[in-house]
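Contents: one structure, followed by commentary.
Please treat every number below as a calculation from the coordinates, not as lab data. Owing to the predicted nature of the structure, the values given are computational and were not obtained by experimental measurement. Please note: Cβ atoms are built from the backbone with ideal geometry, for glycine as well, and neighbour counts cover all protein chains shown.
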Amino acid sequence: MTKSFKNCQSCSMPLSKDPLGGGTNADGSKSTMYCSKCYEQGNFISPNMTVVEMQNLVKSKLKEMGFPGFLAGFFTKGIPKLERWKN
C-alpha cells in the first residue's frame, strides 16, 4: 500500500490546497507524496534545488500570501525533515 501524505514531501504545501490535486508519477497517476509545483511525470521540477533554497522559496511565497515573516519561518522549519530531503 502506498503511504499518502497530508503535505507535499518536498515543499510542505498541504496537498489539499494543490490546484491540480498533486504532482504526477511517471505513469501519469497522481502522486500521494508530492505537489504539482514540485513533481511532474515522476521527476522533480527543480531536481538540483537544495533544501535551503526550497525553504527560502516557500518562505517568500508565504510572505507574498500575507503571512508574517515569523510564521513563514515557522512553517518552513520542518522542510528538512520531509521525505525528499532525508538523504
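One line per residue, one yes/no per condition, for (1) in contact with a strand residue (DSSP E or B) (Cβ under 7 Å, 6 or more places away or on another chain); (2) not aliphatic (A, V, I, L, M):
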residue: Lys6; (1), (2): yes, yes
residue: Leu15; (1), (2): yes, no
residue: Ser29; (1), (2): no, yes
residue: Met33; (1), (2): no, no
residue: Thr50; (1), (2): no, yes
residue: Glu53; (1), (2): no, yes
residue: Gly66; (1), (2): no, yes
residue: Phe70; (1), (2): no, yes
Picked from the range 68-87 (must be surrounded by 14 or more Cβ atoms within 10 Å (Cβ to Cβ) and not hydrophobic (A, V, I, L, M, F, W, C)), the residue farthest from the chain's Cα centre (by Cα) is Gly73
(1) surrounded by fewer than 13 Cβ atoms within 10 Å (Cβ to Cβ); (2) under 17 Å from Phe5 (Cβ atoms) all hold for Met65 apart from (2)
Within the range 39-51, the residues that are surrounded by 11 or more Cβ atoms within 10 Å (Cβ to Cβ), within 20 Å of Asn7 (Cβ to Cβ) and either in contact with a Pro (Cβ under 6 Å, 6 or more places away or on another chain) or without any contact (Cβ under 8 Å) to a residue 40 or more places away in the chain (or both) are Tyr39, Glu40, Gly42, Asn43, Ile45, Ser46, Met49, Val51
Out of all the residues in the range 5-22, which are buried (at least 19 other Cβ atoms within 10 Å of the Cβ) and on the phi > 0 side of the Ramachandran plot? Ser12, Gly22
Tally, over the range 32-87, of residues that are assigned to a helix (DSSP H, G or I) and of a type in the set (A, V, I, L, M): 9
What pairs come up if the first residue lies in the range 62-87 and is over 18 Å from Val51 (Cα atoms), the second is part of a helix (DSSP H, G or I) and aromatic (Phe, Trp, Tyr), and their beta carbons are under 9 Å apart, counting only those six or more places apart or on different chains? Phe67/Phe75
